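Rule-based calculations on the coordinates, nothing more; no lab input. Everything numeric in this text was worked out from a predicted model, so none of it was measured. For neighbour counting, all protein chains shown are included, and Cβ atoms are generated from backbone atoms with ideal geometry for every residue, glycine included.
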């Protein structure tokens, strides 16, 4: 392959910006997404703290409430987390009595995660938390649906 056929490293096909041409923080979509994510996660914190949960633990429970049990691999895919992040999280949840982990009987390479009674009992709070968070956003149903559609489209285009 000729040197000219090699793709340029990321960003080298764009002319360099001078210090005065650098987009301001207020013009950066990445910052708006970051700030919104932190604000929404922080809105969950008080109610989840009262339940003894972190936000990532709550997300694990949501998947398990919906599916009953699943493999660690499936959880990682659903939550878009790598195994190095998910495994310690699951370990803490198991120590806390929220979940149980066991090797899959059909294929011991896989670990199956299931809810315990204590983890399943927290399900009673899920609808209230969901409604409270929707209210905190101050969006009507159409705005909420449009935002969710846009975020999912963005994730599909940019993400995994």
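Principal-axis analysis of the Cα atoms of the chain puts helix 141-158 at an angle of about 70° to the longest axis.
Could you state the angle between the C-alpha long axis of helix 126-137 and the longest principal axis of the C-alpha atoms of the chain, as a value from 0 to 90 degrees rounded to the nearest 10? Computed tilt is about 30 degrees. Along each principal axis, taking the top coordinate minus the bottom one, the Cα set of the stretch 28-158 gives 45, 34, 23 Å in descending order. Ordering 99-105, 111-117 by mean Cβ neighbour count within 10 Å, with the highest value first, yields 111-117, 99-105.
Put simply, when 84-95, 60-71, 146-157 are sorted by average Cβ atoms within 10 angstrom per residue, most first, you get 60-71, 84-95, 146-157.
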